[in-house]
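K.L.:
My questions will all concern the structure given below.
Since every read-out is calculated from the coordinates, none of them should be taken as a lab result. Remember, it's a predicted structure, so these values are computed and weren't measured experimentally. Please note: Cβ atoms are built from the backbone with ideal geometry, for glycine as well, and neighbour counts cover all protein chains shown.
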Amino acid sequence: MKKETSDQGLPRREFLTASAATALGSAALAAGAVTDGGSGNVKIERIDLFPTRYRTVGFFKFFQGPGGSYGRAAVTLKITADDGTVGWGQSVPVARWSYETLDTSMIVLRDYLAPVLVGRDPVDIAGAQAAMDKALAPAFTTGMPIARAGLDIALHDLAGKLTGRSLAKMWGLPRGGPLQLSWTINARTLDEVDKLIDTGRKRGYRNFNIKVAPDPKFDVQLAARVRRLVPNGFLWADANGGYSPAEALEVAPKLADAGVDVLEAPLRPNRLSGYRALKKQGALPILMDEGVVSPVELEEFIRLGMLDGVAMKPSRTAGLSSAKRQIEILRDAGLMWLGSGLCDPDVSLAATLCLFGAFGLKKPAALNAPQFLTEDILKEPLKIDGDMIEVPDGPGLGIEVDEAKLAAMVKKTRPVGKRE
């Protein structure tokens, strides 16, 4: 394989599967052996990785990065088949939400997960999942799931393009949509609430989700204020694991009285007995989030009586394959699932929309990239009208990446491995 530069001037450095780290730009991987599986007609030829940081507007606590950096970090992935067909994906690490960072995602993707996919049939997604399972051992659950999600999404996009089918058609489901969005209230003081609600309303939003914890007293006041301002909207409180078990048991009935409809991630996911106590209390439907990555723990947590449902995030669950199976499990168990994300930028957001549309999501989705992100890398941005967003249509994810936009974003992103 010869070294090359894309039509848009996007730099590419090629590495063999045993290569050392790269600082910035793309890490391309090649392998000589071709594995069996799938149709056997087309193989994955290379995988390029692009570290990026999207510009943002407004305050969101999870966007704070190392060395004072601020923005929505992402690794954009490009999988190229040997017939020239390309699939796009995105890994969206959030250091203040999980242990995965832009730096660690680049390393794991480049040195462990991507190399085992080169030479494989891209339509054999199950085989690719098995190969990645062997490449990086799990701990409690799937290893580095946020990083891995980008590869899973790119594989789905590539498989869809190779077969001429949308994700919904690949799954034998309707396209679905449009989907309704929820506006995120991340208030630091009660004085900020009215303006935040007004900003969302001016954008056409009718439903709101609030960030709560660790201050139960403030949280109840916040919920009550939002409910007074939005008497008929769906009100969803997300604690991101910020309460102790005692605090959660005390605050849940008060949040319910204040008008909250559902409480997400009140405890850290290893507080198993605390989740069981909250579900038994029954003050609010209890959703898990951070603690559910693979279908395995979801099935176990359901058996243990720990939850009423899940705030589903394909970007958290190692991608579409796992998220799809979890929705099926929840549906079969008669439990709730709500649509959520990690402020996923355009590529990851498109994949999420395809999944939620295909499974007929009914409640407003906490997909807040349109609220917080101010740039994209698509040739045609996702279609949004007020608080309604269209599900992309077309082969794969139904989107096209503008590589010139991507190159510009890569150029302004701090070098991976360096502090600003």
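K.L.:
Among Gly71, Gly160, Ala81, whose Cα lies farthest out toward the positive end of the dipole of the chain, if unit charges sit on the beta carbon of Lys, Arg (+1) and Asp, Glu (-1)?
P.N.:
Gly71
K.L.:
Once you have the alpha carbon radius of gyration of segment 163-203, what is it after dividing by 2.2 N^0.38 Å, with N set to its residue count?
P.N.:
The reported ratio for this selection is 2.02.
K.L.:
Take the chain, drop everything but the C-alpha atoms, weight them equally and run the Debye formula without solvent; then report log10 I(q)/I(0) at 0.07, 0.08, 0.11 Å⁻¹ to two decimals.
P.N.:
So the normalised log intensities are -0.32, -0.42, -0.79.
K.L.:
Please get the size of the charge dipole for the chain, origin at its Cα centre, with Cβ charges of +1 on Lys and Arg and -1 on Asp and Glu, quoted in debye to the nearest 20.
P.N.:
660 debye
K.L.:
For the chain, take the longest principal axis of its alpha carbons; what is the angle in degrees between that and the long axis of helix 403-412, to the nearest 10 within 0 to 90?
P.N.:
70 degrees
K.L.:
Which value, in Å to one decimal place, does the Kirkwood hydrodynamic radius take for segment 357-401 when every pair of different Cα atoms is included?
P.N.:
For segment 357-401, the Kirkwood estimate is 12.1 Å.
K.L.:
Does anyone have the angle between helix 272-281 and the longest principal axis of the chain? Alpha-carbon axes, 0 to 90°, nearest 10?
P.N.:
Roughly 40 degrees, rounded to the nearest 10.
K.L.:
Same structure, new question: Sorted from largest down, what three extents in whole angstroms do the Cα atoms of segment 171-389 have along their principal axes?
P.N.:
49, 43, 26
K.L.:
Sticking with this structure for a sec: Take each of the peptides 398-407, 89-98, average the number of other beta-carbon atoms within 10 Å over its residues, and list them starting from the highest.
P.N.:
89-98, 398-407
K.L.:
Is the shape of segment 321-420 best called rounded, prolate or oblate, per the rule: a/c under 1.5 gives rounded, else a/b larger than b/c gives prolate, else oblate, with a ≥ b ≥ c the square roots of the Cα gyration tensor eigenvalues?
P.N.:
Because a/c hits 1.5 or more and a/b exceeds b/c, segment 321-420 counts as prolate.
K.L.:
Shifting gears a bit: Taking only C-alpha pairs under 8 Å that are 6+ residues apart, what is the relative contact order of the chain in percent?
P.N.:
Relative CO of the chain lands at 19 percent.
K.L.:
Oh, and also: Among Arg316, Arg227, Arg331, what is the fewest-to-most ranking by other Cβ atoms within 10 Å?
P.N.:
Lowest count first: Arg331, Arg227, Arg316.
K.L.:
How about Lys169: which lysines have a C-alpha closer than 29 Å to its C-alpha, ignoring those fewer than 8 places off in the same chain?
P.N.:
Leaving aside lysines fewer than 8 places away in the same chain, those within reach of Lys169 are Lys43, Lys78, Lys161, Lys313, Lys324, Lys362, Lys363, Lys379, Lys383.
K.L.:
Would you please give the residues with an amide H less than 5 Å from that of Asp344, counting only those at least 5 places away or on a separate chain, with H modeled from the backbone geometry?
P.N.:
The answer is Asn368, Ala369.
K.L.:
If you don't mind, there's one more thing I want to ask. Tell me the angle of helix 245-258 to the major Cα principal axis of the chain, expressed in degrees between 0 and 90 and rounded to the nearest ten.
P.N.:
Between helix and principal axis, roughly 70 degrees.
K.L.:
Something else now. If the only charges are +1 at each Lys and Arg Cβ and -1 at each Asp and Glu Cβ, what is the size of the charge dipole of segment 171-389 around the Cα centre, to the nearest 20 debye?
P.N.:
360 debye
K.L.:
Looking at Val123, Val262, Ala135, which one has the Cα that reaches farthest to the positive end of the dipole of the chain (charges on Cβ: Lys, Arg +1; Asp, Glu -1)?
P.N.:
Of the listed residues, the answer is Val262.
K.L.:
Taking the alpha carbon gyration tensor of segment 189-292, what are the square roots of 5 times its eigenvalues, largest first, to the nearest whole Å?
P.N.:
Taking √(5λ) for each Cα gyration eigenvalue gives 25, 13, 12 Å.
K.L.:
Find the all-direction average of the projected area of the Cα convex hull for segment 99-256, expressing the result in square nanometres with one decimal place.
P.N.:
Projected area, direction-averaged: 13.1 nm².
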